[in-house]
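Quick note: the coordinates plus some simple rules give every number you see, no bench work behind them. Remember, it's a predicted structure, so these values are computed and weren't measured experimentally. Ideal geometry is used to build each Cβ from the backbone, glycine not excepted, and the neighbour counts take in all protein chains shown.
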Amino acid sequence: MHAIIRVAAATFHEAWRKRFLNVILIFAVLIIAFSWSLAYLQPGAELKLLIDIGLGTIRFFGMLIAIFLGVRLISDEIDKRTIHTILTKPVTRAQFLLGKFFGSLATVFCNLALMGIAFYVVFLIKAPGFLSSMSSSEATGPGFSTDFIYANIAKAIFLTFVEMTVVTALAVMASTLFSWIMAATFSFFIYFVGQMADFFKTLASPARGTGFTGQIVFNTIYGILPHFEVFDMREAILKGTYVGWDVLSKHLGLGLIYATVIMLISFLAFMNREV
């Protein structure tokens, strides 16, 4: 356990020295900070656009940070030849991989927290004015009271972190299989295809005239792909829908299962990789 913590702490501190990650974070915070001005592009629905832009920005840039950080974990150590020094100490490959994963996950968490704080500050300042500009029927509904929205936004950011846990695991797995460029390409591909996992389920429907072989193929793809769309709460918030803790628990469990399976694959790949 001590070895995992040491590797995780070193990974965390090293990540904050990477300029490209700092640039991504700064750019994301700037977009969130000025999202209130973009909200005026949709008169009468400024509050909804503010929420959509803010949470969308956190989710998108969180994904960029998770992937670009994760895919460099193994390749950077190999290129610098520091991996040999680390693994000759009393650090097993499993401890090294877990330490890298938890260190990068802690970095992603801190970045999401900073973006979330920036969004809450903007929302706290601008939401009352936008809420007053909504129609009376919308503004008085329970789904658009400020307390209700604050709670839903916190839940949305929490689910984004669960999603980024899966994305980080995916990037770590890719880094054990490919060079960092191929790993990044693979991670982006799986992430964006995973956003439309339900599409493959629709394709597998016999009602669409899909043959038996096609049903097997599409159902297999649907079953293998992480369903990243379930972690996006923006639509529920924009509709004023209450998202209960049972739903959060279900998605948390799903995310942990995805991350665990992906990390097991990472471990098997890393154990058989020549470094």
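Brief remarks on what is shown
- Straight-line reach from LYS100: taking Cα to Cα under 17 Å and skipping same-chain neighbours fewer than 8 places apart, the lysines in range are LYS18, LYS80, LYS89.
- Semi-axes of the equivalent ellipsoid for the chain, Cα gyration tensor, largest first, Å: 36, 25, 15
- Rounded to whole numbers, the Karplus 3J(HN,Hα) couplings from phi for the range 115-120 are 5, x, 4, 4, 5, 5 Hz, using 6.51 cos²θ - 1.76 cosθ + 1.60 with θ = phi - 60°, and x at Gly and Pro.
- Gain upon complete extension [THR220, LEU264; 0.36 nm per residue less C-alpha separation]: 13.9 nm
- Taking GLU14, GLU46 and counting other C-beta atoms within 10 Å, the order from fewest to most: GLU14, GLU46
- Once both labels are positioned 7 Å from their Cα atoms along Cα-to-Cβ, the gap between ASN272 and PHE34 label points is 4.9 nm.
- Likely footprinting exposure, PHE123, PHE20, fewest C-beta neighbours within 10 Å first: PHE20, PHE123
- Counting only residues at least eight positions apart within a chain, or on another chain, the lysines with an alpha carbon under 26 Å from that of LYS239 are LYS48, LYS126, LYS155, LYS201, LYS250.
- Under DSSP loop assignment and at most 16 Cβ neighbours within 10 Å, longest trypsin sites (Lys or Arg not before Pro)-free interval of the chain: 82-238
- Calculated FRET efficiency for the pair ARG19/THR92, C-beta based, R₀ 45 Å, to 0.05: 0.90
- Residues LEU30, LEU170, LEU254 arranged by fewest to most Cβ contacts within 10 Å: LEU30, LEU254, LEU170
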